[in-house]
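In what follows, a structure is listed as structure tokens, so that the remarks can point back to it.
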Amino acid sequence: MSEASQEKSRFDFSLASAHLLLRLWVSLRLFMAGLDKFRSGNGPDTTFSLENYDKKSTAIAKLMSTNSFLPEAMCNAYAHSIGYILVIVGIWVALGIFSSLGLLAAGFTVLSLGFGLAALPDDTEVVYIGIHILVVAAALATAKARQFSLDGLLFRKK
């Protein structure tokens, strides 16, 4: 066995752990952001429902369409689907099946949030989206060390 192939097949616990932590952070952030779209109230008065989701989505779509060049129909479609997308992609990334593709979907989802925020009148939160993009990029950069994911378990080389 050549030295190069030994290097490739060697397990790097630090890199695999870094990938796991980054992937879990990205998934947690996406899942919780999606779940928040269904929430109303605080503390003991908190409720989660489709009615809350519809109210929040309608308000977001209206704010986006009145403060940007985007057509109202496009803003409605985006605002009414983003919560579901956030939850689905968050779960996908947490499971780690097709990790790289899931993280790429996460990156594009976060990028779409940045575009949506930039379309709003007060876009100071866009900086945080940039940080999230960097975290997703770091998770993608460590994706070859995906031993702690379904990819790593299912597609392990013997």
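Just so it is clear, none of the values below were taken in a lab; they were calculated from the coordinates. Bear in mind the structure is a predicted one, so any value in this text is a computation, not a measurement. Backbone-built Cβ (ideal geometry, glycine too); neighbour counts: all protein chains shown.
Do you know the Lys pair count in the chain for C-alpha distances under 26 Å, with sequence separation 8 or more or different chains?
8
Once both axes come from the Cα atoms, what is the angle between helix 50-66 and the longest principal axis of the chain, in degrees from 0 to 90, rounded to 10?
Value to nearest ten degrees: 80.
Pairs of alpha-carbon atoms within less than 8 angstrom and 6+ residues apart define the contacts here; what relative contact order does region 20-77 have, in percent?
20
Report the local net charge at V87: Lys and Arg +1, Asp and Glu -1, summed over other residues whose C-beta lies under 11 Å from its C-beta. Could the numbers behind the result be given before it?
Numbers: positive: K37; negative: D36.
So the environment of V87 carries a net charge of 0.
Hey, what do the phi angles of region 148-154 turn into as Karplus ³J(HN,Hα) couplings, whole Hz, using 6.51/-1.76/1.60 and θ = phi - 60°, x for Gly and Pro?
Calculated HN-Hα couplings, in order: 9, 8, 4, 4, x, 7, 7 Hz.
Please report, in debye to the nearest 20, how large the charge dipole of the chain is about its Cα centre when each Lys and Arg carries +1 at its beta carbon and each Asp and Glu carries -1 there.
Computed about the Cα centre, the dipole is about 660 debye.
Once Rg and Dmax of the Cα atoms in Å is worked out from the coordinates, which option in [x] 18.7, 64; [y] 14.3, 43; [z] 17.9, 62 does it equal?
[x]
Do you know the relative contact order of the chain, to the nearest whole percent, from alpha carbon pairs under 8 angstrom that are 6+ apart?
Across the chain, relative contact order equals 31 percent.
Can you give the log10 of the normalised intensity I(q)/I(0) at q = 0.21, 0.27 Å⁻¹, computed with Debye over equal Cα scatterers of region 23-81?
So the normalised log intensities work out to -0.84, -1.00.
Rounded, prolate or oblate, given the Cα gyration tensor of region 69-158, with a/c below 1.5 counting as rounded?
prolate
Lys and Arg at +1, Asp and Glu at -1: add these up for the other residues within a Cβ distance under 13 Å of V110 and post the number.
Neighbourhood net charge equals 0.
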